[in-house]
Every structure is written in C-alpha cells, then in structure tokens.
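The values are calculated or read from the model by the stated rules, or taken from the named source; none is laboratory data. If you're wondering where the values come from, they're calculated on a predicted model, not measured in any experiment. Methodologically, a virtual Cβ is constructed for each residue, glycine included, from the backbone with ideal geometry; neighbour enumeration extends over all protein chains shown. Note: accessible area is taken over every heavy atom of the protein model, side chains too, but ligands, DNA and RNA are not part of it. Shrake-Rupley method; radii C 1.70, N 1.55, O 1.52, S 1.80 Å.
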Amino acid sequence: MSSLGLVMFILSCAIFQAFPVSSSNNYGGLFPELYQISCPQANEIVMSVLEEAISKDPRMAASLLRLHFHDCFVQGCDASILLDKNSAFKSEKEAGPNKNSLRGYEVIDEIKAKLEQVCPHTVSCADILALAARDFVVLSGGPYWEVPLGRRDSKTANFNKANINIPAPNSTIQNLINLFNKQGLNEQDLVALSGGHTIGMARCVSFKQRLYNQKGDNLPDVTLEKTYYNGLKSICPTSGGDNNISPLDVASPVRFDNTYFKLLLWGKGLLNSDEVLLTGNVKKTKELVKSYAENEAIFFSHFAKSMVKMGNINPLTELKGEIRKNCRRIN
C-alpha cells in the first residue's frame, strides 16, 4: 500500500468510528466491498486525483458533491448527468439547473481514464461520482461514510426531468419537501443534505431576487442580515453580473463544517432555499437547523446517513445499464 493509501486507510478508520454507517443496512443490491478484489486500487486512484484537483481549485470539492446530487435527482444515481448529447437524447448538462453551472466533468474523466488503465470495464461512472462526493467531503474536513457500490451507468439521459426534479435556488420550503419526498427523502434528509452548502459558491443569478425583488414589490428579503445584504449587493448589482459568485458559507467556504447552519440563524443564508429551512414555518426543519448549528457531530452523522440514502436512489444494478468506458458517452 502506498503512503497515500495508508494515510487514507487510517483516516477512514478514525472518522468511521466517529460517524459510522452500519454495513448491515439494506443497500438494495449495492455493496461497499464490491471492488476489494476486482479493483483494490479504486479508492486510492480516486483519492489521488481528487487531492490534486482540490489543491489546484478548492471549489472543486463542492462541484463534485453537487454533480452527484444533480445526477441522483433526475432518474436515479446512474451517471446520466455525465452524458453528452447525441442523436437519441438531449444532455442533462444543458438543462436549466445545470447549464453554465455544473463543473468537474474533467475530474471524473481523469479518474475514469486511470481506472480503465488498471481495472478495465470494472468501475462504473455512477460509482465514481458517489466515491468522489464522499472523498471530497473528507478532504474538506467532513465525515467519512461507507459508499455502497455496484451502480451501473445509464444508456440515456433525461433533459426534461433535469429541469423538473432538481430544486431551484428560489424554492419554497414546501417545494423542497415535495421534491425530496419524490425521491424517498424526508425532512431530515433535506436539512442534512442542504448542509452540503457549507462549501462552494453560487452565482448572482441564483440569489439576485432576494436582494432586489423578493416578493414582486421591488424590496429585498427582510430575513437578510443588513451588513451581509449590503455586501451581497456589491457582488450582485441590479443589472448584469449574473455570473458573479459568492460563497454559500461566507465564513468558511472551503471547509466542511456546521457554520452554514449558524449563518442561517444569523440571517446570512445565501439562497432562498437555504433560508426557508429556518423561516419556512416548518417546525421539523427549523429544529434541525438549530440542532445542527449547536452540534456539528449530529450534523455529520445525519449528513453521512443521508448521503448513503441519496446514493441509493433507483440505482441500475446487475444486468441493467452498463459500465461505460468513457463517462461522456454510451458504449
């Protein structure tokens, strides 16, 4: 085992003891140990590429986490988000929530190419997305969890579902709950997974409405803390600047921690879909925001469990789907 592999093994064991996800859970045909014999180098290859990527661009951690989320919410965790358009279907990359927004495809390409050299036709693109999301969270200071493996890759994409199923940044609390329930996820999953916004950035177009016209009356969102609001206006003017970016967690934008929830309590949540977890008049989500702000260990534990649950949304297993040689196109 290389020095990198040894370090990751020790780190994984330590964190797993603190935030265990039991291997006795029902993973619906997926198995954390799947590649131990067929591709024992898989975890180390994934981690080595991710370490290099995050050293060059710390934002990449959030980008890969988001890529996994946007994949799973369309037609299950099947790597359909990675497919380029062809004569048979439109790419999900071109859908409203993804176009000019999702990043990190080239990192997945690099991981896949290296895995194909060592273990050809073994590790699916869908599993790479799930592993990359977990490993980037760990590299950013967050919890470790066992990733159930064995997803196969879809042979098609669904542009229309990508436009419908992925929550918008201006979502109401009920809209968020409905979209998560549609995927078999509950209110705890919603709040815990929203905590992924402790890392990453958002474009001005995603929060401009809150600054200038929250309720169609040309007034800002009154829940925004004043100093924070004034700072956002300097980044996001009334006209233009739609692609300017601001941290989702202004206090620790590249560290995975519970600061996101503390910021919500202080009126410093960036997106409407963040703020309504607290102010949307749903008792359960409000209580969870306060609980996670007070206790990072509870947030980490719930986040890990919800990531496993999300990663198990309608996976293609056994003879369904395929293992792509190139994640951007079907075989």
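When the residues of the stretch 36-71 are filtered to those that are without any contact (Cβ under 8 Å) to a residue 24 or more places away in the chain and outside any helix (DSSP H, G or I), which remaining residue is least open to solvent (accessible area, probe 1.4 Å)? Explain how you work it out, then say what you get.
Keep residues of the stretch 36-71 that are without any contact (Cβ under 8 Å) to a residue 24 or more places away in the chain, which gives 36-37, 40, 52, 55-57.
Right, trim to outside any helix (DSSP H, G or I) and you get 40, 57.
Numbers: PRO40: 88, ASP57: 38 Å².
Taking the candidates together, the pick is ASP57.
If I ask for residues that are open to solvent by less than 30 Å² (accessible area, probe 1.4 Å), among the hydrophobic types (A, V, I, L, M, F, W, C) and part of a helix (DSSP H, G or I), which ones from the stretch 272-306 would you list?
Within the stretch 272-306, VAL276, LEU277, LEU278, LEU288, VAL289, ALA293, PHE299, PHE300, PHE303, ALA304 qualify.
Check MET310 against each of (1) in contact with a Cys (Cβ under 6 Å, 6 or more places away or on another chain); (2) open to solvent by 20 Å² or more (accessible area, probe 1.4 Å) and name the one condition it does not meet.
It is condition (2) that MET310 fails.
Does LEU193 satisfy being among the aliphatic types (A, V, I, L, M) and over 14 Å from the mean Cα position of the chain (by Cα)? Give the steps one after another, and end with the answer.
Numbers: among the aliphatic types (A, V, I, L, M): yes; over 14 Å from the mean Cα position of the chain (by Cα): no.
For LEU193, the condition - among the aliphatic types (A, V, I, L, M) and over 14 Å from the mean Cα position of the chain (by Cα) - is not met.
Among (1) open to solvent by less than 10 Å² (accessible area, probe 1.4 Å); (2) part of a helix (DSSP H, G or I); (3) charged (D, E, K, R), there is one condition ARG324 misses while meeting the rest; what is its number?
Against the list (1) open to solvent by less than 10 Å² (accessible area, probe 1.4 Å); (2) part of a helix (DSSP H, G or I); (3) charged (D, E, K, R), ARG324 comes up short only on (2).
Please determine, by comparing only the residues of the stretch 24-77 that are within 18 Å of LEU115 (Cβ to Cβ) and of a type in the set (Gly, Ala, Ser), which one is farthest from the chain's Cα centre (by Cα).
Across the stretch 24-77, the extreme among qualifying residues is SER38.
Return the residues of the stretch 165-184 that are surrounded by 15 or more Cβ atoms within 10 Å (Cβ to Cβ) and under 18 Å from the mean Cα position of the chain (by Cα); say none if nothing qualifies.
Once the filter is applied, which keeps residues that are surrounded by 15 or more Cβ atoms within 10 Å (Cβ to Cβ) and under 18 Å from the mean Cα position of the chain (by Cα), the stretch 165-184 yields ASN165, ILE166, PRO167, ALA168, PRO169, ASN170, SER171, LEU176, ILE177, LEU179, PHE180, GLN183.
Kindly list, by first and then second residue, each pair from a residue in the stretch 205-216 that is touching a residue at least 24 places away in the same chain (Cβ under 8 Å) to a residue that is assigned to a loop (DSSP other than H, G, I, E, B) and surrounded by fewer than 17 Cβ atoms within 10 Å (Cβ to Cβ), limited to pairs with Cβ atoms under 6 Å and residues at least 6 apart or on different chains.
Matching pairs, first to second residue: VAL205/ASP242; GLN209/ASN170; TYR212/THR238.
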